[in-house]
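See structure below.
The values are calculated or read from the model by the stated rules, or taken from the named source; none is laboratory data. All of these numbers come straight from a predicted model, not from anything done at the bench. A quick note on method: Cβ atoms are made from the backbone with ideal geometry, for glycine too, and the neighbour counts reach across all protein chains shown.
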Amino acid sequence: MQAMSWWTYVLLASPGIFIFMMNWSIFIHNMRGGKFVSGIPLIGGLWIAVACLISPWKWLALIGFADTGVWMLIAALFLEFFPWRKKDSEE
């Protein structure tokens, strides 16, 4: 059985790449100010990771960790436990 060519894997990963880029543009928009816009959490990174894990270049699945949804989830879960963080009700 012949292996698929590299463009087939790029085609499989293209929805994840699109969501990944949208999450980064939303993150940059939120950092610049204005109103907060929510991204699509984890989907882009997971899609890219799965597409890379079925390809011959498995180490490229680490790109999925660069998705902002992964880091925002970690921040939302663990920053709540720090005492220096102010709650909205304490202000």
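Looking across the stretch 55-91 at every residue that is aliphatic (A, V, I, L, M), out of contact with any helix residue (DSSP H, G or I) (no Cβ under 7 Å at 6 or more places or on another chain) and more than 14 Å from Leu42 (Cβ to Cβ), the one that is modelled with the highest pLDDT is identified as Leu62.
Among the residues of the stretch 27-63, the one identified as free of Cβ contacts under 8 Å to residues at least 24 places away in the same chain, of a type in the set (Val, Ile, Thr) and under 17 Å from Ala76 (Cα atoms) is Val37. Filtered by the rule that a residue be crowded, with 17+ Cβ neighbours inside 10 Å and over 13 Å from the mean Cα position of the chain (by Cα), the stretch 22-57 gives Ala51, Cys52, Ser55. Taking the stretch 27-86 as the range and being at positive phi and either out of contact with any Leu (no Cβ under 7 Å at 6 or more places or on another chain) or part of a helix (DSSP H, G or I) (or both) as the test, the residues that pass are Gly33, Gly34. Of all the criteria given as (1) at pLDDT 80 or above; (2) part of a loop (DSSP other than H, G, I, E, B), the one not satisfied by Gly16 is (2).
Candidates are the residues of the stretch 1-21 that are under 15 Å from the mean Cα position of the chain (by Cα) and loosely packed, with under 15 Cβ neighbours inside 10 Å; the one that is nearest to Trp71 (Cα to Cα) is Met21.
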